[in-house]
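K.L.:
Below you will find the structure I want to go over with you.
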Amino acid sequence: MLNHTSFVRFTCLLSAVIMFTSCRDEENPITVTPQLRQQIDYAKLTDTTTYATFFTDKASVKTVDLTNGNNRLLMFRAINTYNGTAVGSGAALDATVLKNMFSNTGNPFSGTANTALNSAGVQLRNVTASSLSAVDAEKERQALETAFNAIATASQSVSAVASEGKAGKLDRYLVDAKGIEWGQIIQKSLIGAFQMDYIGNVLLSDARLSADNTTLVAGKNYTQLEQNWDEAFGILTTNPAYGKNATENSSGESFAGSYLWEYNPTDFPNIHKAFLMGRAAIVNNDLTTLKTQATFIRRAMEKSVANAALGYLSKWKTGTTDAARAHAIGEGVGFVYSLRYAKLNGADAAFSDAILNNLIYSTPNGFWGLTNTKIDAASTAIKTKFGL
């Protein structure tokens, strides 16, 4: 039992502690992030769980919106499909149409499946190479538009048989006078400059992972952080579960999604689970898990592009016809270009351009001047940079 003197001392001490604590809390208040959603149990997420299944608000209304991402992916598909019409129909391509598709201007999208893209409110051009400075990004966008001019020019000779110094078709592949298949270069370059860069270096970057996750975007049922992650998923696939249609012989996906399957089979089965885990981490305000999943996805994409570049360089060496070799190097050159966006591996434009110049662009006759020595030098540089 406390005597009077001890009680007085205890009371004074207690008062001092309370006063100190009160002052400390007022000066350094503890901020607790509001929990907008009900916590998600990570154990419930599997590699076949439909992406939007668990992501709802407390009224069970979905918080996922893949529209922007899916529309951009559909625009990419439309550009690729249009580039293939020259060989299919024998009609020349229009570079202006391609540029308008790229910037979504002039209502360039047609057909039942694509007309709605004209009013989608998004485009590819302004998110291509968007992790770069404004000057460097514009340089890369203009390089792609130069490629649009190149394929349109080559398509004017679509009825001719190509040979060294002459544009036309090699078997079923449209090439220019230097044997360069611009359709493949455009497709593979957009895999890097659009998909890998915008997903990995922008939407899943530390800066975007720090976006607001406490309030809803005006007029929407999602936070900005939720939308960043959803857009990344939507750019990779239009399937509700990435990779769900994969078979022994097909990825069931397109572009970056397909090459993850073909050239990074180790990580491919885990990509969908990583997207689910990351999205759940956003709901749970679990930044550690969120960044872990983002890094996994980014590294997996970079590895697939590096392996694809090596794969197609190798196919040039094993090709038995000019057509097979030209097609292989067209894809290979596009992937080598895309390596400049593999930032986690320390690659950049200088690295990519040095390989491209030594490989094909510094040679007057392009594809026709390729040698095993040039292919081997390019392959060695990539293996060294990526540790492959």
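K.L.:
Could you please tell me which pairs satisfy a Cβ distance under 9 Å, a separation of 6+ or placement on different chains, a first residue in the range 204-218 that is closer than 24 Å to VAL61 by Cα and open to solvent by less than 30 Å² (accessible area, probe 1.4 Å), and a second residue that is aliphatic (A, V, I, L, M) and assigned to a loop (DSSP other than H, G, I, E, B)?
P.N.:
ASN213/LEU36
K.L.:
Mind checking which residues of the range 248-259 are at pLDDT 95 or above and surrounded by fewer than 17 Cβ atoms within 10 Å (Cβ to Cβ)?
P.N.:
Listed by number, the residues that qualify are SER250, GLY252.
K.L.:
What number of residues within the range 302-330 satisfy the criterion of being open to solvent by 10 Å² or more (accessible area, probe 1.4 Å) and either within 16 Å of ILE199 (Cβ to Cβ) or not small (Gly, Ala, Ser) (or both)?
P.N.:
13
K.L.:
Open to solvent by 10 Å² or more (accessible area, probe 1.4 Å) and of a type outside the set (S, T, N, Q): does that describe LYS188?
P.N.:
no
K.L.:
Being at pLDDT 95 or above, over 13 Å from TYR312 (Cβ atoms) and in a loop (DSSP other than H, G, I, E, B) narrows it down to one of ALA354, ALA347, ALA381, ALA377, so name that one.
P.N.:
Unique residue meeting the criteria: ALA347.
K.L.:
Oh, and also: Please verify whether the range 307-324 includes one or more residues that are under 19 Å from the mean Cα position of the chain (by Cα) and of a type in the set (Ser, Thr, Tyr).
P.N.:
No, the conditions are met nowhere in the range 307-324.
K.L.:
Would you mind finding the one in GLY330, GLY311, GLY334 that is farther than 19 Å from GLY257 by Cβ, in contact with a helix residue (DSSP H, G or I) (Cβ under 8 Å, 6 or more places away or on another chain) and in a helix (DSSP H, G or I)?
P.N.:
Testing whether each residue is farther than 19 Å from GLY257 by Cβ, in contact with a helix residue (DSSP H, G or I) (Cβ under 8 Å, 6 or more places away or on another chain) and in a helix (DSSP H, G or I) leaves just GLY330.
K.L.:
Here's a follow-up. Could you tell me whether any residue of the range 158-167 is assigned to a strand (DSSP E or B) and touching a strand residue (DSSP E or B) at 6+ places or on another chain (Cβ under 9 Å)?
P.N.:
Checking the range 158-167: at least one residue is assigned to a strand (DSSP E or B) and touching a strand residue (DSSP E or B) at 6+ places or on another chain (Cβ under 9 Å).
K.L.:
While we're looking at this one, here's another question. Return yes when THR85 is within 24 Å of GLY278 (Cα to Cα), among the hydroxyl-bearing types (Ser, Thr, Tyr) and either modelled with pLDDT of 95 or more or touching a Lys or Arg at 6+ places or on another chain (Cβ under 7 Å) (or both) and no when it is not.
P.N.:
no
K.L.:
Output yes when any residue across the range 58-78 is without any contact (Cβ under 8 Å) to a residue 40 or more places away in the chain and β-branched (Val, Ile, Thr), and no when none is.
P.N.:
no
The values are calculated or read from the model by the stated rules, or taken from the named source; none is laboratory data. Predicted model, so just to flag it, every value in this text is computed and none were measured. Glycine gets a Cβ as well: all are built from the backbone with ideal geometry, and neighbour counts include every protein chain shown. Calculation scope for accessible area: heavy atoms of the full protein, side chains included, ligands and nucleic acids excluded. Shrake-Rupley method; radii C 1.70, N 1.55, O 1.52, S 1.80 Å.
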